[in-house]
Amino acid sequence: MEIWVWVVFCAMAVLIAALILKIHLLRKSAAEISRAFEDRLSQNTNTLIDISSRDRCMRSLAADINRQLRLLRQERQRYQQGDAELKAAVTNISHDLRTPLTAICGYLELLAREDCSDEARRYLDIIRGRADSLRELTGELFRYSVIVSEEKEPALEPISLNTALEEALASAYTSLSAAGISPCIHICEEKVIRQLDKHLLSRILGNILSNAAKYSDGDLEITLAKNGEMRFRNSASRLDKLQTEKLFDRFYTVEAARRSTGLGLSIAKELTGRMGGSIRADHENGSLTVSLSFP
């Protein structure tokens with residue numbers, strides 16, 4: 001009887017050892033699949049998942065994932081090709097529109113010098129205003145298409161955020177004054193230096209200030225902290241949280257900014273990301289806050 005108990009005990013020990021080994025190999029295969037899957041998603045590569053395990057179920061799982069990776073790669077290639085074609089089309093169209101628009105505006109200026117009735121002059125002013133708006137929007141669209149298509153690396157150099165912000169405010173003085181805004185400025189005395197592209201940073205700050213001029217109810221508070229974070233806060237009763245979440249979307253506009261293409265903050269986000277920074281917008285208690293930070 002003792003012999004049978006010993007045999008059963010040994011058999012169970014062998015079975016348990018086999019199960020432990022099986023579980024270990026399955027966990028190892030699962031870890032291999034997880035690492036390989038993450039690697040394939042993060043890199044634009046044609047390499048598929050391959051595992052060391054000979055387990056039929058795990059190899060079947062890897063094969064299923066590889067089929068999905070092939071489909072995902074095809075969709076990504078179609079998206080990239082379509083996105084490139086769209087950018088090229090937008091660039092060409094916006095460029096082609098600029099020439100006739102310039103001619104139209106020129107002839108409108110000449111026509112304004114001619115004698116005409118008050119009614120005709122009123123119509124002429126309306127046409128000229130619409131033409132100027134279209135020229136402005138077309139120019140902004142062209143600049144955006146050039147920016148997103150540009151592949152060169154930012155020209156990084158030591159930049160004082162204090163000085164850059166002061167220069168941006170000086171450049172935006174006219175547009176802010178036209179909107180009845182006298183900004184309240186808080187810039188730390190300590191110099192905050194970051195490795196950035198001067199021209200890209202200037203464009204980012206200009207677009208943020210332009211956005212403030214469009215959406216502000218007449219106030220603007222600007223803060224530069226010692227940690228390098230810049231905050232632009234203004235009352236924006238015409239915005240809500242849902243609209244604020246979409247401010248960085250391409251071509252998104254709200255009724256309060258009819259002459260806008262919805263590209264200003266989208267460009268700012270694109271350029272900020274290129275230099276390793278972050279930008280976000282928050283809306284709370286009727287106030288819009290755009291926060292800009294570089295590591």
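Find the relative contact order for the range 125-197 and round it to a whole percent, using C-alpha pairs within less than 8 Å whose residues are 6+ positions apart. Don't skip to the end; give the middle numbers.
Values: 33 pairs, mean separation 34.5, N = 73.
Answer for the range 125-197 is 47 percent.
With a probe of 1.4 Å, find how much accessible area the range 147-238 has per residue, and write the answer as a whole number in Å².
Working: 4940 Å² over 92 residues.
In whole numbers, the range 147-238 has 54 Å² accessible per residue.
When the accessible area of the chain is split by element with a 1.4 Å probe, what percent falls to carbon and sulfur? Numbers along the way, then the final one.
Values: 10490 of 18850 Å².
The C+S portion of the solvent-accessible surface of the chain is 56 percent.
Remind me, relative contact order of the chain in percent, using alpha carbon pairs under 8 angstrom and six or more residues apart? Mind dumping the intermediate values first?
Numbers: 337 pairs, mean separation 37.2, N = 295.
Relative CO of the chain lands at 13 percent.
Long-range amide H contacts for LEU196: which residues qualify at under 5 Å (H placed 1.01 Å from N, peptide plane, sequence gap of 5 or more or a different chain)?
When sequence neighbours closer than 5 places are left aside, the close amide H contacts are GLU157, ILE159.
Which one, (i) 122, 47, 38; (ii) 62, 51, 38; (iii) 58, 57, 23, gives Cα extents along the principal axes in Å as derived from the coordinates shown?
Matching the structure shown: (i).
For the chain, build the charge dipole from Cβ charges (+1 Lys, Arg; -1 Asp, Glu) around the Cα centre, then report which of LEU141, ALA88, GLN195 sits farthest towards its positive end.
Looking along the dipole axis, the top candidate is ALA88.
Would you mind classifying the range 1-140 by shape? Square roots of the alpha carbon gyration tensor eigenvalues, ordered a ≥ b ≥ c; an a/c under 1.5 is rounded, otherwise it is prolate if a/b is larger than b/c and oblate if not.
On the way: a/c = 9.07, a/b = 5.38, b/c = 1.68.
Since a/c reaches 1.5 and a/b is larger than b/c, the shape of the range 1-140 is classed as prolate.
The values are calculated or read from the model by the stated rules, or taken from the named source; none is laboratory data. Bear in mind the structure is a predicted one, so any value in this text is a computation, not a measurement. So basically every Cβ, Gly included, is an ideal-geometry build from the backbone, and we count neighbours across all protein chains shown. The protein model used for the area step is the full one, side chains on, heavy atoms only, and it has no ligands, DNA or RNA in it. Shrake-Rupley method; radii C 1.70, N 1.55, O 1.52, S 1.80 Å.
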